[in-house]
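Have a look at the structure below before the remarks.
The values are calculated or read from the model by the stated rules, or taken from the named source; none is laboratory data. Note that the coordinates shown come from a computational prediction; the quantities given were computed from them, not determined experimentally. Neighbour counts run over all protein chains shown; Cβ positions are idealised from the backbone, glycine included. The area values use the complete protein model at the heavy-atom level, side chains included, leaving out ligands, DNA and RNA. Shrake-Rupley method; radii C 1.70, N 1.55, O 1.52, S 1.80 Å.
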Amino acid sequence: MPTATPGPLTETVFYILLALSTPLHGYGVMQRVSELSEGRVSIGPGTLYGAFTSLAEKDWIVPVVGAANDRKKEYVLTDLGRDVVHAELVRLEELLRNGRTIANWSTR
Amino acid sequence: MSTETVRKLYWDFEKEERWLNEMAERGLSLVSYRWGTYEFEKSEPGEWVYRIQFLDEDARTQKSREYIDFVTETGAERVTTYRQWVYFRRLATQGPFDLFSDLDSRLGHYKRVSTFYGAMTAILSMLMVTVLARIVGIIEEAFGELWGLPIFIVYLVLVLVFFTQTLRLTRRVKALEARRKIEE
């Protein structure tokens with residue numbers, strides 16, 4: 001069975017998982033990620049396709065059955081996927097906390 | 001619609017992609033490709049951005065078609081396919097167009113191409129030492145000794161082309177792997 005305790009997620013994977021908190025097809029994810037990051041992160045279709053495949057294999061996301069448009073496959077986050085996002089948030093918060101405490105020299 | 005045909009051979013898909021984008025900048029947009037033959041149509045200069053990809057398998061298989069459909073549903077157009085290669089384009093007004101947006105997937109793509117060229121180099125080199133010597137002998141017997149050497153040279157050039165491409169891509173892969181140690 002897949003586990004919910006992976007290593008650090010890549011930025012691409014983290015944003016794809018966030019975007020899939022609601023069911024979306026490929027283009028929807030690309031747009032949502034671009035919106036969330038205010039245009040900083042744009043995911044290429046080749047990268048996204050590979051990510052969909054490996055995230056579905058890990059059971060972090062699942063295809064939505066009986067979606068309105070059958071040809072455009074929609075995916076959504078699973079419970080396991082939610083756990084992964086939460087575990088990542090804990091890790092990111094630690095990074096941020098330590099970063100802010102130690103690297104406070106930049107505030108000139 | 002007026003078309004323009006250009007005969008050209010590229011071994012380096014990145015150079016080919018750059019050239020297609022330069023043509024598009026000048027208002028000539030690729031509409032079809034067969035081995036060594038590019039066909040262009042007049043379009044607004046800079047209207048399209050082109051991207052070439054080496055697929056996991058032949059472009060006509062179910063798996064490849066599913067992938068190509070996925071890409072076209074994100075707003076890109078499938079221009080043409082050739083064996084394991086697919087040519088996409090997207091309107092420049094839709095913003096920058098890249099198939100791969102992180103180091104991992106770019107690395108994966110380079111590795112696929114590099115493995116393919118590596119295999120071609122190996123197969124051609126093996127053929128060269130075994131079969132080719134005999135074929136050259138047969139050709140020389142049939143058409144005279146003049147033909148043996150030119151054919152051998154053409155073949156040698158082909159092996160060298162695949163070999164240098166493999167080397168180039170291997171270097172590319174190594175550089176990206178070094179970057180991946182500290183970034184995504």
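Among residues of region A:44-64 that are within 14 Å of chain B (Cβ to nearest Cβ), those with a beta-carbon under 6 Å from a residue that is surrounded by fewer than 22 Cβ atoms within 10 Å (Cβ to Cβ) and among the basic types (Lys, Arg) at least six positions away or on a different chain give the pairs A:Pro63/A:Lys73. For region B:127-135, the criterion of being under 22 Å from A:Lys73 (Cα atoms) and either at the interface with another protein chain (Cβ under 10 Å from one of its Cβ atoms) or more than 18 Å from the chain's Cα centre (by Cα) (or both) is met by no residue. Looking across region B:88-99 at every residue that is open to solvent by 30 Å² or more (accessible area, probe 1.4 Å) and part of a loop (DSSP other than H, G, I, E, B), the one that is farthest from the other protein chains (Cβ to nearest Cβ) is identified as B:Pro96.
Any residue in region B:165-174 that is among the polar types (S, T, N, Q), more than 16 Å from the chain's Cα centre (by Cα) and either under 21 Å from B:Trp85 (Cβ atoms) or assigned to a helix (DSSP H, G or I) (or both)? No, the conditions are met nowhere in region B:165-174. Which condition from (1) within 15 Å of the chain's Cα centre (by Cα); (2) open to solvent by 70 Å² or more (accessible area, probe 1.4 Å); (3) within 11 Å of another protein chain (Cβ to nearest Cβ) is the one that B:Lys111 breaks? Only one criterion in (1) within 15 Å of the chain's Cα centre (by Cα); (2) open to solvent by 70 Å² or more (accessible area, probe 1.4 Å); (3) within 11 Å of another protein chain (Cβ to nearest Cβ) is unmet by B:Lys111, namely (3). Every listed requirement among (1) without any contact (Cβ under 8 Å) to a residue 24 or more places away in the chain; (2) within 14 Å of chain A (Cβ to nearest Cβ); (3) not charged (D, E, K, R) is met by B:Ile139 save one, (2). One residue stands out in region B:141-164 among those that are over 18 Å from the mean Cα position of the chain (by Cα) and buried (at least 16 other Cβ atoms within 10 Å of the Cβ): the one that is nearest to B:Gly118 (Cα to Cα), namely B:Tyr155. A Cβ distance below 6 Å, combined with a sequence gap of six or more or placement on separate chains, defines the contacts here; from region A:8-23, residues that are among the polar types (S, T, N, Q) reach residues that are not in a loop (DSSP other than H, G, I, E, B) in the pairs A:Ser21/A:Leu77.
In region B:68-87 there is no residue that is open to solvent by less than 20 Å² (accessible area, probe 1.4 Å), part of a loop (DSSP other than H, G, I, E, B) and in contact (Cβ under 8 Å) with a residue 40 or more places away in the chain.
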